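S.K.: The structure under discussion is supplied below as structure tokens; questions concerning it will follow.
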Amino acid sequence: MDKNTIKSTINELLKVIDEHTFSNLINVIDLDKYVKKLTAYKFLQLLIISQLKETKSLTQMSKKLKDKEELQVQLAFDTISTSQLSRKLGDLSPTLFEKIFHYLVLNIQAKMKQSPIIREIGRLHVIDSTTMSMSVSQYPWATFRKTKAGIRLHLRVVVTKELTLPDKGILLPAKHADRTQMGDLIEMDSDTIHLFDRGYIDYKQFDHLCLHDVRFITRLKKNAQVEVLSEQIPQAGSPIVKDQEVFLGNSQNGTKMTHPLRLIETQDSQGNVVMIVTNCFDLSAEEIGDLYRYRWKIETFFKWMKQHLTFKTFYGKSENAVCNQIWVALITYCLQVLLQEQLQHDGPLLEIKKTLQNLLFKGFDTFLRSLFRQPTRFSTGRRKQNWKQEFRVIEHQFAEGEVSHLDDLTYDPLFN
């Protein structure tokens, strides 16, 4: 049992934040004074396990601890009441879990390969928010309309070809508009491009970013007042409709910008015209249009979190309880990414998550065998589908000019 416990999958997952590291990070004296069994670190472990298992309530959490011997061995106690869990969740400061989240983000950034979206462009940050709706009667601290309550996660993610990584987050009641958090989420770095949607339109902020050479790409509202300074004629066959240098705002009401921007109109995949504004004058209009499409990476990240972790149904009703749960969900995501980077697993992150869910308390060797097990049989339909996918890649490589001869292909379907 000792060998299995030491090299269990759960211990391998949590080794980056062992109890010693946790204590050093939070740096709170007497945090667990007079606590006999449910320490802050054991509670964090229990919350992470509950996220992976998609446990829906504290009552379920308490019941699983009572019934699951492997969970009892991991935490070194066998029972805990729902009320004790509720008090702990509400008493701990969300700042503790936020520190753990940022520590894991730094670990991932140190280990992951530098992989910009397009060569010589550098880092790509996408900024957006998601709102978790609540009942006004049960969450009065989060009221933002007469009949609605909610908490909003304002998030910055780093996007590469392989990964979407949450980088910085701010949790506030939903009454705080997106643009009010823009200054805290944008990194004042000329080597980074920031993507965000129309909720962050703020001309004064745009002038501030231009003044400090911070690059951004966003959509423009249809009712924006635009003064055209010059215009470039798009190439024939290009999806670009317009490429203009403009001033935004109105001098009469004091909103006119002092820095010129670039206004690009392009078509999306459905043929709808999208108005994009940016201060990136060194990129082509086509590159800017392609880059803006990566803004949807953060939407798919939010969708993944809501589908595969306990992210939108809450264990407690206090502000601390809700914030703690969201930070732990982000921590759980980061732990899975770190494990994926450690194992150099090139499959989807969901495969890591499902294997963890099934084998969390098994030996780590069992987890590895399951994760990297090769399929022993292929159906005819699957073979046909694989061939279709491979030839789509080949067609794309020729169309993009990446190859001009069969010998230059990244792989040959006849021999792989």
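S.K.: Tally the residues that are within 22 Å of Phe216 (Cβ to Cβ), open to solvent by less than 10 Å² (accessible area, probe 1.4 Å) and not β-branched (Val, Ile, Thr), restricting the search to the range 145-187.
M.R.: 8
S.K.: Testing Ile170 on (1) within 14 Å of the chain's Cα centre (by Cα); (2) assigned to a loop (DSSP other than H, G, I, E, B), one condition comes back false. Which one is that?
M.R.: The failed condition is (2).
S.K.: Condition check: in contact (Cβ under 8 Å) with a residue 40 or more places away in the chain, open to solvent by 70 Å² or more (accessible area, probe 1.4 Å), over 29 Å from Trp327 (Cβ atoms) and not small (Gly, Ala, Ser). Does Lys222 satisfy that?
M.R.: yes
S.K.: Out of all the residues in the range 157-164, is one or more within 30 Å of Gln344 (Cα to Cα), assigned to a loop (DSSP other than H, G, I, E, B) and either of a type in the set (Val, Ile, Thr) or touching a His at 6+ places or on another chain (Cβ under 6 Å) (or both)?
M.R.: yes
S.K.: Let me ask something else. Checking Lys37 against (1) touching a residue at least 40 places away in the same chain (Cβ under 8 Å); (2) under 25 Å from Lys312 (Cβ atoms), which test does it fail?
M.R.: Checking Lys37 against (1) touching a residue at least 40 places away in the same chain (Cβ under 8 Å); (2) under 25 Å from Lys312 (Cβ atoms), the one that fails is (2).
S.K.: Right, something else. Scanning for something assigned to a helix (DSSP H, G or I) and touching a residue at least 12 places away in the same chain (Cβ under 8 Å), does the range 273-285 turn up at least one residue?
M.R.: Checked the range 273-285: at least one residue is assigned to a helix (DSSP H, G or I) and touching a residue at least 12 places away in the same chain (Cβ under 8 Å).
S.K.: With the requirement that a residue be of a type in the set (D, E, K, R) and in a helix (DSSP H, G or I), what does the range 349-368 give you?
M.R.: Within the range 349-368, Glu351, Lys353, Lys354, Asp365 meet the criteria.
S.K.: Criterion first (farther than 20 Å from Ile17 by Cα, open to solvent by 20 Å² or more (accessible area, probe 1.4 Å) and of a type in the set (Gly, Ala, Ser)) does Ser93 satisfy it?
M.R.: The answer is no for Ser93.
S.K.: Every residue in the range 21-56 that is among the polar types (S, T, N, Q) and surrounded by 16 or more Cβ atoms within 10 Å (Cβ to Cβ), please.
M.R.: The answer is Thr39, Gln45, Ser50, Gln51, Thr55.
S.K.: Gln235 fails exactly one of the following numbered conditions: (1) within 30 Å of Ile49 (Cα to Cα); (2) in contact with a helix residue (DSSP H, G or I) (Cβ under 9 Å, 6 or more places away or on another chain). What is the number of that condition?
M.R.: (1)
S.K.: So Ser238 fits all but one of (1) in contact with a strand residue (DSSP E or B) (Cβ under 8 Å, 6 or more places away or on another chain); (2) hydroxyl-bearing (Ser, Thr, Tyr); (3) within 21 Å of Leu283 (Cα to Cα); what number is the exception?
M.R.: Condition (1) is where Ser238 drops out.
S.K.: Residues being within 28 Å of Arg373 (Cβ to Cβ), part of a helix (DSSP H, G or I) and either in contact (Cβ under 8 Å) with a residue 24 or more places away in the chain or of a type in the set (Ser, Thr, Tyr) (or both): count how many of those fall in the range 301-330.
M.R.: 4
S.K.: Now for a different question. Could you count how many residues in the range 208-219 are crowded, with 18+ Cβ neighbours inside 10 Å and either farther than 24 Å from Asp128 by Cβ or of a type in the set (D, E, K, R) (or both)?
M.R.: Result for the range 208-219: 2.
S.K.: While we're on this one: Can you tell me which residues in the range 51-93 are assigned to a helix (DSSP H, G or I) and closer than 18 Å to Leu335 by Cβ?
M.R.: Gln51, Leu52, Leu71, Gln74, Leu75
S.K.: Still on this model: Could you grab me the full set of residues in the range 228-245 that are in contact with an Asp or Glu (Cβ under 6 Å, 6 or more places away or on another chain), of a type in the set (A, V, I, L, M) and crowded, with 17+ Cβ neighbours inside 10 Å?
M.R.: none
The values are calculated or read from the model by the stated rules, or taken from the named source; none is laboratory data. Predicted, not measured: the structure shown is a model, and the values here were computed from it. Because the Cβ atoms are built from the backbone with ideal geometry, glycine has one as well, and the counts that use them run over all protein chains shown. Note: areas computed on protein heavy atoms with side chains; ligands, DNA, RNA excluded. Shrake-Rupley method; radii C 1.70, N 1.55, O 1.52, S 1.80 Å.
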